[in-house]
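Visitor: Sharing a structure below in structure tokens format, with a few things to ask.
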């Protein structure tokens, strides 16, 4: 495996300063003798409720499960009928659409705004039809989708909004709303590469709807409403307490991590001057889960050039959801603009493991790229 002078993300380096605390957290769980649920999970959910401003939080096994349990909860409570449609941007990670299909619903793909890369509100409006039951806006790359006018319209029409906030923990919209705080419910992922990541898989659902929270909680625990009484056909999707303990340690440093990413983004914004590299728009509350630029030219040539100069890059995501083999049956209309976007975007190193000096040097390398 190639060694890069500037790796895309070094998780060992990210976790190194808090290794002793992580070990203490793990040992605390081991000594407790409580290996399912318990105080660590309760502590985490309380903190996530406070962070997002939501009344209820349910800790679950991963981000995909957070989304699919939420949608299934709306089906189980009769707020969404099986077979109905859920509008979702095609430039997200496939988990967004997998959750919809798994809940017995039909994803309807829409294009993003070319500037922010968030779901385009006009495209959402155009996609709404008699079978539309929900919209799943995605807080892509750490930017919060927050169209208050459209949210009001959806509410008036009885359309549920499930926010996919997997990439936006701690972010705020330009209008000051917390990630996870828009719409009816929201799902988070704590995959290790997220701004706060578990040392394995973990996720969470937040909502103000007590019935939805209770249903998600039951579904995540075999459908039990009380021990050995399985009202629902559920799953085993609980968060391990050892991951909850780790995440409580990470939450103490969430603002530090997010500020480091904002700092690196500011370095890129001030130093990258290559006209072939189009930078993302900045806003104060964005947390830059990824720093995604658009290459006006040969994206693969740019990535090869960066690699030759010691910079590891990534692409989020190279294949739009509607072009994935398992989703083609849902893709009624070819979204060529999404395909064009997918072929031109590149993610640069952005995490706290990348220093400000590293970011400045990466910017100078990028400026040397010639089409």
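All of the numbers you see were taken from the coordinates with simple rules; none came from a lab. Here the structure is a predicted model, which is why all the values come from computation and not from measurement. Cβ sites come from the backbone with ideal geometry, for glycine too, and all protein chains shown count toward neighbours.
Visitor: Counting only DSSP beta bridges with both residues in the stretch 52-157, tell me the antiparallel percent, nearest 5.
Guide: The antiparallel proportion sits near 10 percent.
Visitor: Report the relative contact order of the chain, percent, no decimals, based on alpha-carbon pairs under 8 angstrom and at least 6 residues apart.
Guide: 22 percent
Visitor: Suppose each label sits 7 Å from its Cα in the direction of the beta carbon; what would the residue 304-residue 228 distance come out to in nanometres?
Guide: The answer from the label model is 6.6 nm.
Visitor: Still on this structure, I have one more. Taking 0.36 nm per residue of sequence separation and subtracting the Cα-Cα distance, how much length would be gained by fully extending the chain between residue 4 and residue 211, in nm to one decimal?
Guide: 69.6 nm
Visitor: So between residue 131 and residue 333, what do we pick up on full extension, going 0.36 nm a residue minus the alpha carbon distance?
Guide: Computed gain between residue 131 and residue 333 is 71.0 nm.
Visitor: Among bridges DSSP assigns within the chain, what percent are antiparallel (round to 5)?
Guide: If I count the DSSP bridges inside the chain, around 60 percent turn out antiparallel.
Visitor: Next question, about the same structure. What FRET efficiency comes out for residue 256 versus residue 94 if R0 is 25 angstrom and r is the Cβ-Cβ distance? Round to the nearest 0.05.
Guide: That pair, residue 256 with residue 94, gives E of 0.20.
Visitor: Can you tell me which of 68, 323, 106 moves the most in a GNM of the chain? Springs connect C-alpha atoms under 10 Å apart.
Guide: 323
Visitor: Would you calculate a helix-derived [θ] at 222 nm for the chain, using -39,500 (n - 2.57) for each DSSP H run of n ≥ 4 and dividing by the full residue count, to the nearest 500?
Guide: Roughly -11500 deg cm²/dmol at 222 nm, from the helical runs in the chain.
Visitor: Determine the gain in length on full extension of the stretch residue 42-residue 157; use 0.36 nm per residue of separation and subtract their C-alpha separation, reporting nm with one decimal.
Guide: 37.9 nm
Visitor: Can you work out the FRET efficiency for the pair residue 28 and residue 50, with r the C-beta to C-beta distance and R0 = 35 Å, to the nearest 0.05?
Guide: It comes to 0.95.
Visitor: When all C-alpha to C-alpha distances in the stretch 254-367 are sorted into bins of 10 Å, what percent of pairs does each bin hold, rounded to whole numbers?
Guide: In order of increasing distance, the bins hold 14, 41, 29, 14, 2 percent.
Visitor: Moving to a separate point now. If r is the Cβ-Cβ distance from residue 18 to residue 266 and R0 is 25 Å, what FRET efficiency results, to the nearest 0.05?
Guide: With a Förster radius of 25 Å, E is 0.55.
Visitor: Could you tell me whether the stretch 1-111 comes out rounded, prolate or oblate from its Cα gyration tensor? Rule is a ≥ b ≥ c as square roots of the eigenvalues, rounded for a/c under 1.5, then prolate if a/b exceeds b/c, otherwise oblate.
Guide: Judged from the Cα gyration tensor, the stretch 1-111 comes out oblate (a/c at least 1.5, b/c at or above a/b).
Visitor: Would you please report the Å³ per residue occupied by the convex hull of the alpha carbon atoms in the stretch 193-279?
Guide: About 162 Å³ per residue, rounded to a whole number.
Visitor: Starting from the exponent 0.38 and prefactor 2.2 Å, build the expected Rg for the chain from its residue count and divide its actual Cα Rg by it.
Guide: Relative to the rule-of-thumb radius for its length, the chain sits at 0.99.
Visitor: Continuing with the same structure: What does the C-alpha gyration tensor say about the overall shape of the stretch 265-326? Classify as rounded when a/c is under 1.5, otherwise prolate if a/b is larger than b/c, or oblate.
Guide: oblate
Visitor: So what is Rg over Rh here for the stretch 67-160, counting just Cα atoms and using Kirkwood for Rh?
Guide: Checking Rg against Rh, the ratio lands at 0.94.
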